[in-house]
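Where a number appears in this text, it was derived from the coordinates with a stated rule and is not lab data. Quick caveat: nothing in here was measured; it's all calculated off a predicted structure. Here Cβ is always computed from backbone atoms with ideal geometry, including for glycine, and neighbour counts include all displayed protein chains.
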């Protein structure tokens, strides 16, 4: 039943194409998607980013507000997993660079939420795990700072987000 409801809810999501000056040069860009990738026409050049390179199986949101392009997606299975990315044009390089990364993973006995600000390098990890002795959820918060390699939207490949995904992995139960 749960699987059917999940499939039904994903089949009802309509994600409209974006037609906006995403690159900030007075040319209208187009961002749309297929069942397995994001298709972008930026400055009259076509780019294709596979969902698997973003870490997910299905797209759940695509928006452009306040000069920030947001892309979100997820996976289903025995848990729930989602990732969201925020890109903004860097005035100096004229490239769309990753400025924010969030992820959420849920399993039977808890979940972990990760948020990384790539402009400052600050990250926050929230871990909720079931404590059998207390018969309640324990909540732990971890913060830190780390240097991350710049990720440019048009240059995303498999492995582009490996370091971001590693943040907080030591807190996730195996």
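Rounded to the nearest 10 degrees, what's the angle between the helix 2-11 long axis and the longest principal axis of the chain, both from Cα atoms, 0 to 90? So the inclination is approximately 10 degrees. The separation of the range 91-132 from the range 25-64, counted between C-alpha centres, amounts to 21 Å. Spacing of the modelled spin labels on residue 145 and residue 66, each 7 Å from Cα toward Cβ, amounts to 2.3 nm.
Building the convex hull from the alpha-carbon atoms of the range 36-122 and averaging its projection over directions returns 6.7 nm². FRET efficiency for the pair residue 138 and residue 95, taken as 1/(1 + (r/R0)^6) with r the Cβ-Cβ distance and R0 = 45 Å, rounds to 0.60. Put a dot 7 Å past the Cα of residue 109, heading toward its Cβ, do the same for residue 47, and the two dots end up 4.2 nm apart.
Its alpha carbons give the chain an Rg and a Dmax of 17.6, 60 Å.
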